[in-house]
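Contents: one structure, followed by commentary.
We did not get these values from a lab; they are worked out from the coordinates using the rules stated. Quantities reported herein were computed from a predicted structural model and do not represent experimental measurements. So basically every Cβ, Gly included, is an ideal-geometry build from the backbone, and we count neighbours across all protein chains shown.
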Amino acid sequence: MPRWLYLPALIGFAFLFLPIVALVVRADWSAAPRAIVSPAALSALWLSVECGLAATALCLVVGVPLALMLARHDSPVIRFVRALVTLPLVLPPLVGGIALLYLLGRNGLAGQYLTLWFGITIPFSTVAVVLAEGFVAMPFLVISVEGALRTAGTRYETVAATLGAGRWTVFRRITLPLVLPGLASGTVLSLSRALGEFGATALFAGNRYGVTRTMPLAIYTAFNGSGEDQDAAIALSLLLVVVAIVFLVLIRGWRPEAGR
Amino acid sequence: MSAEYDGYDDVPVRGPFGRLSARVALRLGAFDLDVAVAAEPGEVVAVLGPNGAGKSTLLGVLAGLLRPDSGEIRLGERVLGGDGAFVSPEQRRVGLMGQDPLLFPHLTAVENIAFGPRSQGVAKARARAAAQDWLRRLALDEFADRKPAELSGGQRQRVALARALAAKPELLLLDEPLGALDAQTAPEIRHVLRTHIRAAGITTVLVTHDVLDAATLSDRVVVLDHGRVVETGPTAEVLAAPRSEFTAALAGLNIVAGVALTAAKPGESVAIAPVGLAPARPVSVVGQPGPGQPGGVTVSGFAADDLAAGSPATAVFPPSAVAVYLGPMGAGSPRNLWPATITALQPGPSAIRVRALLGAALGTAAGEDSVIPDLPGHGAGAVVSADLTAASVAELHLEPGMRVHLAVKATEVRVHAH
């Protein structure tokens, strides 16, 4: 490594790390515990956890089969599908929220029939939060699992078939265990992405206390809202930082297992 | 034997094993496979050929991993594939073991072996007991709970064999099973394969590019080149008297099938009596065949495997190790001195290959006008090749029909169990 490259490297690190330091320094540590256990904060925290877990479950149930389909087939159609699957990654979440609104909103492409036939209205409900989070989080899971599936290859599955195992047995006993490390890191990535989701949620689900106000929305409300104090926002932010660090450690913890 | 292999009684032993007959045509890009192979019940058929000959493609078709464009694959009463029929790999009961053992990395040795029975609906405890049985049979008991990453290459390959057999296939496919093993481990696994495949009595197709595998493991050989069968027949015949130059180049070794006269451990000296020839005592004084058995032939060498007295054995040695003598000689060091009759001279790129039929009873005295046809089946397994320089051949005036003596140092001869 050329020596002079260390300077931009350190600037890059400082750029990523110093904001967190500023947050920690600025925090009112005596008031933080009280801010975190306030009813508004607890409500946002639990809503975030519930919706995050639900969105992750949604990603697993449909994302793993989707990853399998993408990994085990190769055709122009599949390549096109793969490109579309990664679209939410590069799309601004706000755009995602608007798109969801125009699909599932009261007058949306599908939403109008949900309202008309079943009396179901999705926008600005907790379900909308889960869908918005799932929309932005699923690509992380699909990409991670698809990569693991491609690395694992089909040779073990072939051997399992010659031993008399049907497709479902092969999937359950060979395919899934082999991609477990990728599945685990994909799950953690999806969950952390879901917990931090703001843009799509704000547009598609709104900011209703106790119904759709998750942690990021609560922080935004506390920071910008009328008469609320910034200390609560900072305390909640620190809580999210801690949650993120826990997840990072979890992902790292999986890495050594992946080599075995 | 079959009773011993009934490891779990709620799955019937698959056997008697059926006959395999397959006609397969398949085009994969520029490659085109069009072959017919057959294996009698319990027979081990070796498919020999260079890389790209279509050996692995053929196995893929037999295993149901590739669909042939046309043809028919029959195993016993069942049609497994071909025109209008296709049985999926999991329904075929065709076991596959390759160069890479491909043990499931997340399962222990015993779980790997139990996988087949489990997948076929055998209860967990019973499948595990059967797997333990297999581990014992392959001397792997102590490794039952190890993951594949904690096993050596040879141990992994043994577990892979146990896993394939524990699934009770009706046909076993071996794809270069020794290909990835080092020189120390390969003979051990070759021995394990021979022992357990014979014990199970299962119809087997063995793909290999190593003529030694074919010589020591198989009953019959099918030689493939460019997707076509170029030669087929009993192993000893094809390898000892290749009809095509291609097979001769592939074989490149003298292979004499016989019976071990004494028991021997690997590395010990041992003698075998070739099939169809009267044995002589090992020649200690050169030029003196054993008393009472004039013209007898005994092949002395060093054991590559454990050999029991009277067990089938195969002596293997290179044509370059064979010297040709015209008349009686004085004492000399080579342990092997055999009377033989020259059947053919084949010019090669660097030497002339002299082919001779062992045994004095056949053939005529030197100088007499008689040509012994180099027919397969005629004294099969007792044709020996010697690579000589053109100058030697000219100087000795060697020609078909001449009676000569062949000398080979015992150190050049490896004796394998068969």
Sorted largest first, the Cα spans of the protein assembly as shown on the principal axes come out in Å as 122, 63, 48
Rel. contact order, % - alpha carbon contacts under 8 angstrom, at least six apart, region A:1-137: 25 percent
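Averaged over B:88-100, how many beta carbons belonging to a partner chain fall within 10 Å of each residue's beta carbon?
Values: counts 3, 9, 10, 3, 3, 3, 2, 4, 5, 2, 3, 0, 2.
Average per residue, whole number: 4.
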List the lysines whose Cα lies under 18 Å from the Cα of B:Lys168, skipping any in the same chain that are fewer than 8 positions away. B:Lys124
Dipole of region B:114-191, Cα-centred, from +1 at each Lys and Arg C-beta and -1 at each Asp and Glu C-beta, to the nearest 20 debye? 420 debye
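Starting from the Cα gyration tensor of region B:20-252, multiply each eigenvalue by 5, take the square root, and state the resulting semi-axes largest first in whole Å. Intermediate values should be presented prior to the final figure.
Numbers: eigenvalues 175, 91, 44 Å².
So the equivalent ellipsoid measures 30, 21, 15 Å along its semi-axes.
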Going 7 Å from the Cα of A:Leu87 toward and past its Cβ, which residues in region A:101-128 have a backbone nitrogen under 18 Å from where you end up? A:101-105, A:108-111
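For A:Gln230 and A:Val49, compute 0.36 nm times the residue count separating them, minus their Cα-Cα distance, and round to one decimal in nm.
Numbers: separation 181, 0.36 × 181 = 65.16 nm, distance 2.26 nm.
So the extension gain works out to 62.9 nm.
What does the charge count around B:Lys265 come to, taking other residues whose C-beta lies under 15 Å from its C-beta (Lys +1, Arg +1, Asp -1, Glu -1)? Provide the component values of the computation, followed by the final result.
Values: positive: B:Arg414; negative: B:Glu188, B:Glu268, B:Asp305, B:Asp306.
Around B:Lys265, the charge tally is -3.
Rounded to the nearest 20 Debye, what is the dipole magnitude of the protein assembly as shown about its Cα centre when Lys and Arg each give +1 and Asp and Glu each give -1 at the C-beta?
1440 debye
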For B:Leu217, A:Leu89, what ranking results if the residue with the fewest other Cβ atoms within 10 Å of its Cβ goes first? A:Leu89, B:Leu217
Gap separating the Cα centres of region A:32-68 and region B:15-53, nearest whole Å: 57 Å
Taking A:Glu146, B:Glu231 and counting other beta carbon atoms within 10 angstrom, the fewest-first order is B:Glu231, A:Glu146
Between the Cα axis of helix A:93-104 and the main Cα principal axis of chain A, the angle (0 to 90°, nearest 10) is 70 degrees
Compute the long axis of helix A:180-196 from its Cα atoms, compare it with the longest principal axis of the Cα atoms of chain A, and write down the angle in degrees, 0 to 90, nearest 10. 30 degrees
P(r) of region B:120-231 over all Cα-Cα pairs, 10 Å bins starting at 0, rounded to whole percent, reads 12, 42, 32, 11, 3
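Mean shadow of region B:164-215, computed from the convex hull of its alpha carbons, in nm²?
Details: hull surface 14.4 nm².
Quarter of the Cα hull surface area: 3.6 nm².
Considering just Cα atoms, how many Å³ per residue does the convex hull of region A:55-216 enclose? Write down the numbers at each step before the final one.
Working: hull volume 21.0 nm³, N = 162.
Output value, Cα hull per residue: 130 Å³.
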For region B:20-252, what does the relative contact order come out to in percent, with C-alpha contacts under 8 Å and a separation of six or more? 28 percent
Which chymotrypsin sites (Phe, Trp or Tyr not before Pro) in region A:5-36 pass both tests, a DSSP loop state and at most 13 other beta-carbon atoms within 10 Å? A:Trp29
Proxy exposure order for B:Arg220, A:Arg155 (fewest C-beta within 10 Å first) is A:Arg155, B:Arg220
Once the in-chain neighbours fewer than 8 apart are removed, the lysines whose Cα is under 27 Å from B:Lys409 read B:Lys265
Summing -39500 (n - 2.57) over every DSSP H run of at least 4 in chain A, dividing by its residue total and rounding to the nearest 500, the 222 nm mean residue ellipticity is -23500 deg cm²/dmol
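With the contact rule set at Cα under 8 Å and sequence spacing of 6 or more, what percent relative contact order holds for chain A? Kindly include the intermediate steps, with their values, before the conclusion.
Numbers: 300 pairs, mean separation 75.0, N = 260.
Relative CO of chain A lands at 29 percent.
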